[in-house]
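Below is one structure, written out as structure tokens; the observations come after it.
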Amino acid sequence: MPGAVAAGRLAGLFALCLAVLLAGCSRPQVFHRESYVFGTQVSVAVYGEDEAQADAAIGAVLREFDRLHRAYHAWEPSELTALNAAIARGEAATVSDELAAMLKDAQRISAAGDGLFDPALGRLIALWGFHTDTFVPRLPDPARVQALIAARPHMADLTIDGNRVSSRNPVVQLDLGGYAKGYALDRAAAILRAQGVANALINISGNLMALGAKGGQPWRIGIQDPRPGQPPLATLPLYDGEAIGTSGDYQRYFDVDGRRYSHLLDPRTGEPARGTHSLTVLVTPAALAGGMAGEAAGTLSDAASKPAFIAGDGWRAMTRRFNVEHALRVAGDGRVEVTKALRARLQFAAGIDAAVVD
């Protein structure tokens, strides 16, 4: 028996040593999961050694994405649609702390962009057929479009007093589609950090945020060519705390008689904005420190790309409003324009001739 006990102890010691050895030999890698939320593809990549930790953190992020999707859906029953119904009745509504804060923030961003980004235009978005997951290629009645524009719904119409929200204009219908993806990036970053994850890349249909790095190197991403079947226009290193957002006419659109109609509506005309195929902004920690105080990188990267896209040839003046020095535009005629700051960080694909704009 003593010999058997000794042998058992040796076997246990060997197993323990082997486990320690294997743990010491584990190498950091990318743990990656995808899902479908917000009507689009989302993914979370975590760089590290602990697969269980990465899986738990990614799962928490995806559950948060699902919560946000259900809470603030623009046309399926949600807290947001309940608020819209109250506004249409001319009544005030009590909303969550989160929604009240989001609406205040969206008001501020809208004002900074001269109202070109305006989440109060939900009725117009619905009239163009974008309050559905499948688009019918049909143009709205021009008279109804003009009637909505004449009613002038704006975020400024909202009164937000604590958790009580009302509107002096019953035509206001809120749609946070141009804001929620960026907000979700910031929520994801907060959750990952709380779970002990230092290195990750979050991607919501081309709106991305980086945490830390990947093996000592920055995360490297591609900037999409707005026309199908083309390789990325350029690649970009994305550093800790940076977020990138793109507005494009290729994301939600339909075609009628060879003409493209995208979901990016110009509140001045009531029609899809013309003149730009895509507008990309990169928000850095320096941009936040020197510009929109109180903003978060993900939220600003999503919301700031909208007014710049709609501004057309005035895009650079609009990005300055948000202290964004890193931006790229693909104009309607195919011209590529890029700010000097972003050009210094991009590696363009062969054959891309980009004009540098101060």
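Of note:
- Note on region 159-197: residues that are modelled with pLDDT under 95 and exposed (fewer than 15 other Cβ atoms within 10 Å of the Cβ) total 0.
- Within region 205-246, strands (runs of 3 or more DSSP E) holding 1 or more residues that are open to solvent by 10 Å² or more (accessible area, probe 1.4 Å), more than 25 Å from A194 (Cα to Cα) and not hydroxyl-bearing (S, T, Y): 219-223
- Residue among G216, G212 that is more than 15 Å from the chain's Cα centre (by Cα), at pLDDT 95 or above and of a type outside the set (V, I, T): G212
- Pairing each residue of region 322-344 that is within 27 Å of A106 (Cβ to Cβ) with any residue that is open to solvent by less than 10 Å² (accessible area, probe 1.4 Å) and assigned to a loop (DSSP other than H, G, I, E, B), provided the two are 6+ apart or on different chains, yields C-beta distances under 6 Å for V330/P226.
- F130 falls short on exactly one of the conditions (1) out of contact with any helix residue (DSSP H, G or I) (no Cβ under 6 Å at 6 or more places or on another chain); (2) part of a helix (DSSP H, G or I); (3) not β-branched (V, I, T), and that condition is (2).
- Screening L148 with (1) in contact (Cβ under 8 Å) with a residue 24 or more places away in the chain; (2) outside any strand (DSSP E or B); (3) within 24 Å of E295 (Cβ to Cβ); (4) over 16 Å from the mean Cα position of the chain (by Cα) gives one miss only, at (3).
- Total residues in region 322-358, condition open to solvent by less than 40 Å² (accessible area, probe 1.4 Å) and among the acidic types (D, E): 1
- Test: residue in region 114-123 that is at positive phi, surrounded by fewer than 19 Cβ atoms within 10 Å (Cβ to Cβ) and part of a loop (DSSP other than H, G, I, E, B): yes
- So V136, is it open to solvent by less than 70 Å² (accessible area, probe 1.4 Å), over 22 Å from the mean Cα position of the chain (by Cα) and not small (G, A, S): no
- In region 26-55, the residues that are in contact (Cβ under 8 Å) with a residue 60 or more places away in the chain and in a helix (DSSP H, G or I) never reach a residue that is among the basic types (K, R) and surrounded by 14 or more Cβ atoms within 10 Å (Cβ to Cβ) with C-beta atoms less than 8 angstrom apart, at least six apart or across chains.
- Selection of first residues in region 70-97 that are on the phi > 0 side of the Ramachandran plot and of a type outside the set (S, T, N, Q) and of second residues that are at pLDDT 95 or above and in a helix (DSSP H, G or I), restricted to Cβ pairs under 9 Å at least 6 apart or on distinct chains, gives an empty result.
The values are calculated or read from the model by the stated rules, or taken from the named source; none is laboratory data. The structure presented is a predicted model; accordingly, all values stated were derived computationally and were not measured. Positions of Cβ are backbone-derived with ideal geometry, glycine not excepted, and every protein chain shown enters the neighbour counts. We work out accessible area using only protein heavy atoms, side chains counted, and drop any ligands, DNA or RNA first. Shrake-Rupley method; radii C 1.70, N 1.55, O 1.52, S 1.80 Å.
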